[in-house]
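What follows is calculated from the coordinates using simple rules that are stated; it is not laboratory data. Remember, predicted model here, so these are calculated numbers, not experimental data. Please note: Cβ atoms are built from the backbone with ideal geometry, for glycine as well, and neighbour counts cover all protein chains shown.
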């Protein structure tokens, strides 16, 4: 009777001597089809090419194996997975709460946050909170939500229309840009800022070098002017000698 004793099942493909089948369907280093060959022949070819024999389709009959540099293959696969995780977009819903009779300054501040969230590619849940007698005037909240949606229409759209939820009124804004696009633009802007910061010290050094050169040139011209004035000072002495 077979009994599983635990332990993890390896997700790594079998390579070289770990392959335990009499024959394999072999794929060459460049993807060319070699055909069905005995395992010993496939291992011999792997040694000739200084490559690994990697089982890429274990469930096929016979299994499909490929000649490749397995270490390089693992490294490139890890880098691709890392890049995919880096560019993966997570849907985030931000929330902004307002009052029906919000102050104009506070409204501008809240709107600024909504603009920032939409530029980042995030959705924004807008909640209007009613208190006391304000609950009898839901049209105030509706007009405020419509005003906000109109102010940010270049960046987002109404994904969920305003609806009453107890004492609150809720609306959801969705961004025009996808999260991945917003992330790419943010990275480009960051790289541009870094390049500009690196260029600024060079510009400063160039300007200082120009100023120093101008100052040195001015200093070198000063003695020449003094030399030109010297004969004029000796003129009165010659005149008195002639007298």
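Working from the alpha-carbon coordinates of the range 95-179, get Rg over Rh, Rh being the Kirkwood radius.
Computed over Cα atoms, the ratio is 0.96.
When the convex hull of the Cα atoms of the range 16-75 is projected onto a plane and the area is averaged over all directions, what value comes out in nm²?
It is 3.8 nm².
Quote the relative contact order of the range 95-179 in percent (integer), defining contacts as alpha-carbon pairs under 8 Å separated by 6+ residues.
Details: 132 pairs, mean separation 30.4, N = 85.
Contact order relative to length: 36 percent.
Over the range 16-75, what is the relative contact order in whole percent, taking alpha-carbon pairs under 8 Å and six or more residues apart? All intermediate terms of the calculation are to be shown ahead of the outcome.
On the way: 90 pairs, mean separation 20.6, N = 60.
The value is 34 percent.
In what sequence do 137, 193 fall when counting other Cβ within 10 Å, fewest first?
Final ranking by Cβ density, sparse to dense: 193, 137.
Given contacts defined as C-alpha pairs under 8 Å and at least six residues apart, what's the relative contact order of the range 28-169, whole-number percent?
Value for the range 28-169: 17 percent.
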